[in-house]
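J.: Handing you this structure, nothing more for now.
Quick note: the coordinates plus some simple rules give every number you see, no bench work behind them. Here the structure is a predicted model, which is why all the values come from computation and not from measurement. Glycine gets a Cβ as well: all are built from the backbone with ideal geometry, and neighbour counts include every protein chain shown.
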Amino acid sequence: MKNKTDLSERLRQLRKNAGLSQEQLAEKLDISRQAVSKWEAGSSSPDIHNIVQLGKLYGISTDSILLDKAPSAEDTDRSSEAANGAPQNEETPVHDGHPANGFLWAVLGTVIVLVLYFVTNLF
């Protein structure tokens with residue numbers, strides 16, 4: 001049960017770092033204070049919806065909550081902004097690995113090759 005204890009301790013520490021009481025956190029998540037207390041005591045665990053909401057509230061990834069991953073410098077900055085109530089800038093994710101990008105590059109490469117072929121054969 002070490003993992004459950006680790007999670008409960010992380011949840012308690014994150015809440016304290018954000019300067020929130022159990023009641024304040026419960027209000028933000030629209031749950032009971034007793035639920036937060038049970039999480040921190042290790043007698044129950046938050047569901048996935050609440051894990052996601054905690055990540056948003058604290059400005060960290062769900063991995064940081066669940067796996068005790070050390071937050072990156074960017075997560076730490078967002079966490080302090082979230083605790084201070086400052087608005088967080090949501091960036092649009094970059095989709096570099098999208099299959100359409102490879103297709104577009106292939107089409108562009110083919111067009112360039114065909115243009116070069118026709119230009120060299122015409123002169």
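J.: To make sure I understand, if each residue's beta carbon is the centre and we count other beta carbons within 10 Å, what order do R33, R10 fall in, fewest to most?
T.: Fewest-to-most Cβ neighbours within 10 Å comes out as R33, R10.
J.: Taking neighbour counts of Cβ atoms within 10 Å as a proxy for exposure, in what order, fewest first, do W105, W39 appear?
T.: Lowest count first: W105, W39.
J.: If each of V111 and K28 carries a label point 7 Å out from its Cα toward its Cβ, how far apart are those two points in nm?
T.: 4.9 nm
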